[in-house]
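The structure under discussion appears below in the form of structure tokens.
The values are calculated or read from the model by the stated rules, or taken from the named source; none is laboratory data. Note that this is a predicted model, so its numbers are computed, not measured. As a convention, Cβ positions derive from the backbone with ideal geometry for all residues, glycine included, and neighbour counts pool all protein chains shown. What goes into the accessible areas is simple: the full protein's heavy atoms, side chains included, and nothing from ligands, DNA or RNA. Shrake-Rupley method; radii C 1.70, N 1.55, O 1.52, S 1.80 Å.
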Amino acid sequence: IKIYSLHVDCKVTSRFAHTVITSKIVNQANESREATFEVELPKTAFITNFSMSIDGKVYPGIIKEKASAQKEYDTAVSRGQSAGLIKITGRKLEQFHVSVNIAAASKVTFELMYEELLKRQLGKFELLIKVRPKQLVKHFQIDVHIFEPQGIRVLETGSTFMTNELTEALTKVQNETKAHILFKPTVDQQKINPELDETLLNGDFVVRYDVKRGAAAGDIQIVNGYFVHYFAPHEMPVFPKNVIFVIDRSGSMAGRKIKQTRDALLKILQDLRPEDHFSFITFNRKVVEWKSSLLQATAENVANAAGFVQTLSASGGTDINCALLTAVSVLDKAERLPERSVSMIILLTDGQPTSGESNVEVIQENIQKAVNGKYALFCLGFGFDVSYRFLEKMALSNGGIARRIYENADAALQLQGFYQEVATPILMKIEMQYPENAVEGLTKNNFKLFFEGSEIIVSGKISNDLDLLPVEIKAQSHTSDLTLKEEANVKEKEQVFQNQSYIFGNFIERLWAYLTIQQLLEKSISAQEEDQKTLEAQALELSLRYSFVTPLTSMVVTKPPGQEQMELANKPTEAG
């Protein structure tokens, strides 16, 4: 079985990435063999299309509601459930895997299409392409086109497998608003050494970039009656933070995990700003406060804290409820904190609540009542023994986010990386306002906090007769209350995309659908049961209308007669 061609074509238009992977395989044996198509794609992406063509006949994947697809599958396959075609394979990727039997000398072409909105983190957008053909490929290429009307400020490519020979196969062409990256290694360049037929191509191929930002009120783009508004202010004063680290030191954290936690906290202490206030709470079945109140991050206090962190050891149970309630009460009682400051609690745990209150629903309720919208709660789940759904619901209900920390050698770096994302709050209470009578289907437009290096994105549909789209942004910065205004000329904005040959025409509409689905799913995590059903129904309707494989839909993959007739591709979630 030989892969004679593998193409990855990616078009990024204004952060929205549309990727098509095409693999052509021939069976050179003189009997039928199994051909496999295995691709890793970002977890944040939605698959939109898949097909196999075998000797000219096309077998498309069909996207359906998950429950009805499962029913159809159960009827067709009496042997019970197969493993499913998609599984999570790491912190950023999931794997799509399909196999089909093809006759001697037959050819099969697999084509997979997926889309995602690139998210700005620490000042860059990242397009991640996983490369792992497992054999030498005669025609191999990665072709990336980027078009950013705001202008490309910085562009870099990186890879985990580059050698000097392979660098020669990489070309980058860039002008003000466009970039083209082509990676096209010959068979010889792909080889680990000339004698062996082993490939070097195994790892990540990454494109990172950022755009230019002129207008204070962000940038608005419009195509076919849909708009997207990007807002990422920079060079603003940073809010002082009041941060409490709530650290699990139960028995399961013993060994490498607690050591990695110590390493990360020592680095994070160095990153605190002098005007920040901080404290530590550690817990097993007992909750211990390092100090009874928040301390300012002076050199002396940070040094004392480092001494305390170095003594952290792990044993005993897990009382998450009491630990978090203690953190909230420390913030509630805090005095002499900077008037305009941002208060946050960062919880790190690797297990289920086993001591004190152990009913997760009761804990969620207690914490939400105590926090009462005053502080942001971030939950970091270390490893796979945590109830991620519990942590995610708790964080999303209290203005924060959850993140899984993978038990790898670089866990300390993952913890630091997370802290860096939330280390520099520069705006709070951000309201993005648009004329009510002229805009519908608006995505989330109120944000509690904005961190330097990220980006706020709002999208919606504008009414047909609108000539000017006025926007107003209200927010609080460290020094003042801001009001930013901007007016977008609809016709001029539409013009920007008119003559761009490689742009799919309705990309802002698809971007709007993608963003709306993501937000509905996120909202449903922390919603009450009745609301949850409504939110999921809306997300399902959009997933089907725009043909996205989301956690609510399945793709039914059909195969030629005589083989297992159908298989299901379901999108896994971090909570499993």
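A few comments on the model shown:
- Share of carbon and sulfur in the accessible heavy-atom surface of region 509-576 [1.4 Å probe, %]: 51 percent
- Between D9 and D481, the FRET efficiency from the beta-carbon distance, with R0 = 41 Å, is close to 0.30.
- 1.4 Å probe accessible area per residue over region 241-423, in Å²: 41 Å²
- Here region 241-423 carries DSSP beta bridges of which approximately 15% are antiparallel, counting only pairs with both residues inside.
- Space enclosed by the convex hull of the alpha-carbon atoms of region 354-423, per residue, Å³: 91 Å³
- Shape call, region 241-423: gyration tensor on alpha carbons, a/c limit 1.5: rounded
- For K485, the lysines whose Cα comes closer than 20 Å to its Cα, not counting residues fewer than 8 places off in the same chain, are K212, K429, K444, K448, K461, K474, K493.
- Alpha-carbon centroid distance for the pair region 91-125 / region 147-186, whole angstrom: 20 Å
- Pairwise label distance in nanometres, E436 with N193, each label 7 Å out on the Cα-Cβ vector: 7.3 nm
- Cα centroid separation, region 363-422 to region 272-328: 16 Å.
- P(r) for the chain, from all Cα pairs and a bin width of 10 Å, is 3, 15, 24, 25, 20, 10, 2, 0, 0 %, short bins first.
- Fraction of accessible area attributable to carbon and sulfur, region 241-423 (%, probe 1.4 Å): 46 percent
- Between helix 256-271 and the chain: long-axis angle, C-alpha atoms, 0 to 90°, nearest 10: 70 degrees
- Burial order of peptide ranges 397-408, 12-23, 179-190 (average beta-carbon count within 10 Å, highest first): 12-23, 397-408, 179-190
- Accessible area per residue for region 138-240, computed on protein heavy atoms with a 1.4 Å probe, is 45 Å².
- Most to least packed among 162-174, 507-519 [average Cβ atoms within 10 Å]: 507-519, 162-174
- Between the residues A254, L377, L325, the greatest Cα displacement towards the positive end of the dipole of region 241-423, with unit charges on the Cβ of Lys, Arg, Asp and Glu, is found for A254.
- Compactness of region 5-77 as Cα Rg over 2.2 N^0.38 Å, two decimals: 1.41
- Taking every DSSP beta bridge that has both ends in the chain, the antiparallel portion is near 80%.
- Among beta bridges identified by DSSP and lying wholly in region 182-327, the antiparallel ones come to about 60 percent.
- Between 0 and 90°, nearest 10: helix 529-545 axis offset from the chain longest Cα axis: 30 degrees
- Evaluated over region 479-558, the Cα radius of gyration and Dmax, each in Å: 17.9, 60
- Derived value for region 441-576: Kirkwood hydrodynamic radius 18.6 Å. Basis is the mean of 1/r over every pair of different alpha-carbon atoms.
- Taking Cα atoms only, the orientation of helix 507-525 departs from the longest principal axis of the chain by about 50 degrees.
- Stretchable slack from V362 to E564, in nm (0.36 nm times residue separation minus alpha-carbon distance): 68.1 nm
- Backbone N within region 311-351 under 20 Å of label point (7 Å from K369 Cα along the Cβ vector): 319-333
- Principal axis box of region 38-158, alpha-carbon based, largest edge first, Å: 55, 38, 27
- Ordering of 390-396, 451-457 by packing [mean C-beta count within 10 Å, highest first]: 390-396, 451-457
- Considering helices alone, the calculated mean residue ellipticity of the chain at 222 nm is -7500 deg cm²/dmol, with DSSP H runs of length four and up weighted by -39500 (n - 2.57) and normalised per residue.
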